[in-house]
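Just so you know, all these numbers are worked out from the coordinates, no wet-lab data involved. These numbers were taken from a predicted model, which means no experiment stands behind them. Because the Cβ atoms are built from the backbone with ideal geometry, glycine has one as well, and the counts that use them run over all protein chains shown.
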């Protein structure tokens, strides 16, 4: 095991799996200056299997807090985790979502090999599948900060910084959780619609919309986080045609991927490395790599 050390830095901008962990040599408490987060890449794993594993870790953190309530506040040794995974095609529906935003029936889902699960996270319906980096931070926020809005903004910031590494300016939109690519600058001009072929016209229309590249849905129990984010890297965007993504039907918004924005496939492992670096920068933590 090695330690990946990231210096404390906090800035808000708009621009093979075994199921067990080796022990670390350092115990986290809320008095620890910098928290240690255990990182694990689960590879390609079904949603149900990943969910069962994620919830077992979450339950262990919550139980640890319940079993040590007599300890002084902030003195509890606690583990944190950051899991990343790539799922087979699956739609998940948040507790505040609507089934009307799933545009396929059960037969059509089966024909396309897509699973479906309703869950207790926030948000509406979203898609997970090949070409995505899905991240599940399992953190005891009492060792970081007790502010769920700040937690979501931090996740967004990790993605915003990663996109900036690829020369892409991204942003947040009020009332729409997640990370977006803004419409092209009004200073950029396109040929008049009547003088350009249909594919180019469609491209111009696409670039003039807000384009969601990362969806976020979280759930907290006793300040321990569950669920996380889905970051589109080389994602096949056709799967979003079968849902109303995140329940957002606004005509000026759509979904995109990093490959779509850059115009070529992207090395997912490279993106993951940048993501990890920005995660520990933003959350002011160390990642335990193993």
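Could you sort 58-68, 127-137 so that the peptide with the highest average Cβ count within 10 Å comes first and the rest follow in order?
127-137, 58-68
For the residues 248, 114, 243, what sequence is obtained by ranking on other C-beta atoms within 10 Å, fewest first?
248, 114, 243
For residue 98 and residue 169 in the same chain, what is the full-extension length gain: residue separation times 0.36 nm, less their Cα-Cα distance, in nm?
Separation in residues times 0.36 nm, less the Cα-Cα distance, equals 22.4 nm.
What is the order of 261, 106, fewest Cβ neighbours within 10 Å to most?
Fewest to most other Cβ atoms nearby, the residues stand as 106, 261.
Set the Förster distance to 45 Å, then compute FRET efficiency between residue 221 and residue 111 from the Cβ-Cβ distance, nearest 0.05.
Given R0 = 45 Å and the Cβ-Cβ separation, E is 0.80.
State the Cα centre-to-centre distance between the range 55-89 and the range 228-242 in whole Å.
The range 55-89 and the range 228-242 have Cα centres separated by 29 Å.
Say R0 is 45 Å: what FRET efficiency, to the nearest 0.05, do residue 252 and residue 49 get from their beta-carbon distance?
0.75
Which order results if 256, 55 are arranged by neighbouring Cβ count within 10 Å, fewest first?
Fewest-to-most ranking of 256, 55: 55, 256.
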